[in-house]
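The values are calculated or read from the model by the stated rules, or taken from the named source; none is laboratory data. Because the structure is a prediction, the values reported are computed rather than measured. Cβ coordinates were reconstructed from backbone atoms using ideal geometry, including for glycine residues, and neighbour counts include every protein chain displayed.
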């Protein structure tokens, strides 16, 4: 246990040394699918999912996520922003795309007030059924022009917060680390779209929590 604590603190110190949150993004390819990041719980600031024969993944030059608390209806909104990568994508994490930006936003109700990143631990172990009518899902896509649409015909889907941790360095709060999985199968304009094998490992600071 002591050895693990020292290791965690060393990693945390390395992270806190980076002034720019984006510099802390670390991509480790999944050995079973190198187009996806491994599932991790270290706050590597990455996410990824298969998108039919494409990938929806984070990249190092873009803030990978944001979270917003809506006090008016006690909902929390998680937005993951990345790009749509081609089928032959092999770890082009450093590639800067000129188009095909994409954002996935999921807004869900909360039983408790989560109005700061310090309170995100309340999500630990929680699974969100994306077919629930109280959950809102929207996707923004940029390919020459920005197109945003709310996903309404969801056939199946889940957002699971497998582990949520509060990170402290030298007894000072740094960030919340949210790690988990997601998938969504929906129909738009008669086309079936499936984001599968989704995983995320995101460091949430007060700069990206509103």
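Select from the range 30-50 the residues that are assigned to a strand (DSSP E or B) and either under 12 Å from the mean Cα position of the chain (by Cα) or modelled with pLDDT under 90 (or both) and list them in ascending order. Explain how you work it out, then say what you get.
Kept after step one, since they are assigned to a strand (DSSP E or B), are these residues of the range 30-50: 30, 33-37, 46-50.
The answer is 34, 35, 37, 46, 47, 48, 49.
Which residues, counting only those in the range 56-110, are modelled with pLDDT of 95 or more, assigned to a loop (DSSP other than H, G, I, E, B) and surrounded by 16 or more Cβ atoms within 10 Å (Cβ to Cβ)?
110
Looking at 132, 201, which one is more than 15 Å from residue 105 (Cβ to Cβ) and in a strand (DSSP E or B)?
201
Please go through the range 133-142 and give me each residue that is more than 17 Å from the chain's Cα centre (by Cα) and surrounded by 12 or more Cβ atoms within 10 Å (Cβ to Cβ), ordered by number.
Hit for the range 133-142 is 142, nothing else.
Kindly indicate the residue of the range 154-168 that is over 18 Å from residue 124 (Cα atoms) and buried (at least 16 other Cβ atoms within 10 Å of the Cβ) and also nearest to the chain's Cα centre (by Cα) among those meeting that condition.
The first filter runs over the range 154-168 and keeps only residues over 18 Å from residue 124 (Cα atoms), leaving 154-157.
Filter once more, so that each one left must be buried (at least 16 other Cβ atoms within 10 Å of the Cβ): 154, 157.
Values: 154: 19, 157: 15 Å.
Going through the qualifying residues, I end up with 157.
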